[in-house]
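Structure first, then comments.
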Amino acid sequence: MALIWLLDIFLAIICFLNLRCCFSNNNGIPKNFPVVGMLPHLLLNVHRIHDYSTEILEKTQCTFLFKGPWFANMDILATVDPAN
């Protein structure tokens with residue numbers, strides 16, 4: 001029983017550290033997490049998805065590769081540059 005309790009505490013700490021890294025990104029570009037990709041950033045900003053995608057494209061010189069979860073094969077290349 002104590003082993004399960006320790007496992008829960010360890011999992012909570014790992015989740016907290018992942019979220020802390022997620023929110024500490026100062027340049028505004030979404031961080032690519034190992035398993036879920038950039039999906040947490042997208043879900044946190046789903047209520048303003050058009051403004052969020054515009055902000056990202058402005059910060060990345062008009063072209064951005066969105067990496068989705070590795071098991072979903074959801075990589076998206078977004079660009080607003082006509083030369084691309």
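Could you figure out which of (1) among the basic types (K, R); (2) open to solvent by 90 Å² or more (accessible area, probe 1.4 Å); (3) modelled with pLDDT of 85 or more isn't true of R20?
Of (1) among the basic types (K, R); (2) open to solvent by 90 Å² or more (accessible area, probe 1.4 Å); (3) modelled with pLDDT of 85 or more, only one is false for R20: (3).
Please go through the range 23-35 and give me each residue that is at pLDDT 80 or above and open to solvent by less than 60 Å² (accessible area, probe 1.4 Å), ordered by number. Please lay out each step first, then the result.
Taking the range 23-35 and keeping what is at pLDDT 80 or above, we get 29-32, 34-35.
Answer for the range 23-35, where residues must be at pLDDT 80 or above and open to solvent by less than 60 Å² (accessible area, probe 1.4 Å): I29, P30.
Quick check on my filter: what residues within the range 62-84 are among the charged types (D, E, K, R) and either closer than 21 Å to I14 by Cα or surrounded by 12 or more Cβ atoms within 10 Å (Cβ to Cβ) (or both)?
Of the residues in the range 62-84, the ones among the charged types (D, E, K, R) are 67, 75, 81.
K67, D75, listed by residue number.
If we scan the range 40-61, do we find a residue that is assigned to a loop (DSSP other than H, G, I, E, B), surrounded by 12 or more Cβ atoms within 10 Å (Cβ to Cβ), modelled with pLDDT under 90 and not hydroxyl-bearing (S, T, Y)?
yes
The values are calculated or read from the model by the stated rules, or taken from the named source; none is laboratory data. Everything numeric in this text was worked out from a predicted model, so none of it was measured. In this analysis, Cβ positions are derived from the backbone assuming ideal geometry, glycine residues included, and neighbour counts consider all displayed protein chains. Heads up: the accessible areas ignore ligands, DNA and RNA and are worked out on the full protein's heavy atoms, side chains in. Shrake-Rupley method; radii C 1.70, N 1.55, O 1.52, S 1.80 Å.
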